[in-house]
Amino acid sequence: MVDASDFPILSRKVNGKRLVYLDNAATTQKPQTVIDAMNTYYTNSNANVHRAVHTLAGEATDGYEACRTSLKSWFNAERVVMTSGTTEAINLVAHGWGRANLREGDAVVLTEMEHHSDIVPWQMLSKERGVELRYVPVLDDMTLDMEAYEASLPGAKLVCVVHTSNVLGVRNPVEHIIEQAHAAGARVLLDAAQGAPHTRIDVTELEVDFLAVSAHKMLGPTGIGCLTVKEEAFAEMAPFMGGGDMIDQVTVEGSTYQDNEHKFEAGTPRIAEAIGWKAAMDYLENVDLEAEHHRLLHIARWTAAALRDLGCTVYGRHDDLDSAVVSFLHPDLHAEDMAHLLDAQGFAVRTGHHCAQPLLHRLGISSTVRASFYLYNTMEEAEGLVEALTAVLERFGGSA
Ligand SMILES: Cc1ncc(COP(=O)(O)O)c(C=O)c1O
C-alpha cells in the first residue's frame, strides 16, 4: 500500500467527514510529486517544445520527451504517440489507421463491454466508410462470448476490446483474443484505460498492435494519455490532424510529414501534463503493482460479499485477474440517492451508466453505484463504506 499522506487531497474533509475516495475508475488522485513536477515546470522551465534553441525550450523539450521514453519502457512499446487520453488515442486509431486501411465491406469487431469511447468512433467510421461493426456479446457470467468472438473474425480487419471493464472490473482474456485476431489477419486495439493502472502491460510480449491509455487513471494528470503502436501498424497510419510540429516541409503546393511519432502530435503538446505523467510513473515504479492487485482484489471481494449480505446485487465476478471495481444496486434505494447519502458521510462513489450504455442495457439496468479501489485505499475504508451503507439502508431502505 502507498502512503496516503503522499496524496494531499486525501487529508481533506467532505461534508465534515474524512474523505474516502472510491471513484478511482473515473480518475485517481495525484501524489504531491506529480503536483510538484508540474508546478516546477511552470515556475522554472515553461516554454514551447521542439522549436527554439534557448535553455527553457530545451528543458521543456527534454521534460516532454522524457515522458515518452518512460512510457516506451513502461509498456515496452516501439512507438508511443501522446494524446489527450484514451478517447483521443482510440480516435487516432479510427482516423489515422482506420481511414487509411478500412474500406466498405471490411469488418471491425467490438464487444458489448466497451466504453463509449471504443464504440462511438467506430460507429462514425462505419457511417462514413460503410464498415461493418460486429459486437461480441457478454454472457450471463459477465464474460465475453468467446465462441461468438471466434465466429466474428472471418473478414475482420480490426478487433477493439476493453482490457478491463470499467463497470465490472472483468479482465478479458486479451492474450487469447490477440492470438486469434492475428491468426485471422486482424489488427488489435486494446482499451487499457482500466487495465494499465492495475497491472504492468508489456505490449511487445502481448504483440498488441495498439494500446490506448489515460494518465489520470494511473496517478497522472488529466488531459494526457497515449497510444502505443507496433512498428508495422505505425507504418500503415496516416496523420489526421495537420499543423505545426508534425511536418517536415511545408510549401504552398503541399507538405511532407515527420516520420516519427510527432507526425501524430500536431500543435503545441501537453508539456506540463507529460512532465506530471512522468512523475506519476516514477512514483508507480516504486509500487509493487502485483502485490497491490492482490490486496485490492481482496478488499473488493470482501466488499462485494458484504454488499450482497445487505441485499444488493453486485455486477462482476472478481476473478483472480479482475480489478477492484464493485458495481452494485439495492432494490429499495435509487443509485443516485444512495450516492448522495454516502457523499454526506464523506464517501465518493460513482453512479450512472459509466459510459457503457450497451453493457448496462445487456444487464437490463440503467445505472449502478460503483466503488473502485486504488493504491491508497484500505480495508478500513471498505468497512466504513459498508457501515455507512448499512446505516443508510436502515434509515431509507424500506425492507432492508
Ligand atoms: C474502459 C475505459 N475506456 C475509455 C475511457 C475514456 O478515458 P478518457 O476519458 O480518459 O479518454 C475510460 C474512462 O473512464 C474507461 O474507463
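The values are calculated or read from the model by the stated rules, or taken from the named source; none is laboratory data. Fair warning: this is a prediction, and the values are worked out from it, not measured in the lab. As a convention, Cβ positions derive from the backbone with ideal geometry for all residues, glycine included, and neighbour counts pool all protein chains shown.
Listing for the model above:
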item: Near pairs, Cβ below 8 angstrom, 6+ apart or cross-chain, from the range 130-143 (at pLDDT 95 or above and of a type in the set (Phe, Trp, Tyr)) to any residue that is surrounded by fewer than 21 Cβ atoms within 10 Å (Cβ to Cβ) and not in a loop (DSSP other than H, G, I, E, B); result: 135/358
item: Subset of the range 19-39 (residues that are in contact with a helix residue (DSSP H, G or I) (Cβ under 8 Å, 6 or more places away or on another chain), away from the ligand (no atom under 16 Å from the Cβ) and of a type outside the set (A, V, I, L, M)); result: 31, 32, 33, 36
item: Subset of the range 157-189 (residues that are of a type in the set (Val, Ile, Thr), farther than 21 Å from residue 226 by Cα and away from the ligand (no atom under 13 Å from the Cβ)); result: 177
item: Which numbered condition residue 305 misses (of (1) under 24 Å from the mean Cα position of the chain (by Cα); (2) of a type outside the set (S, T, N, Q); (3) under 19 Å from residue 382 (Cα atoms)); result: (1)
item: Breaking point among (1) among the acidic types (Asp, Glu); (2) under 30 Å from residue 3 (Cα atoms); (3) surrounded by fewer than 19 Cβ atoms within 10 Å (Cβ to Cβ), for residue 309; result: (2)
item: Qualifying residue in the range 190-207 (condition: within 16 Å of the ligand (Cβ to nearest atom), surrounded by 15 or more Cβ atoms within 10 Å (Cβ to Cβ) and not in a loop (DSSP other than H, G, I, E, B)); result: yes
item: Subset of the range 364-393 (residues that are more than 30 Å from residue 291 (Cβ to Cβ) and either surrounded by 20 or more Cβ atoms within 10 Å (Cβ to Cβ) or in the same structural domain as residue 140 (by TED's automatic domain parsing) (or both)); result: 392, 393
item: In the range 114-142, residue surrounded by the most Cβ atoms within 10 Å (Cβ to Cβ) [restricted to those that are more than 16 Å from the ligand (Cβ to nearest atom) and assigned to a loop (DSSP other than H, G, I, E, B)]; result: 131
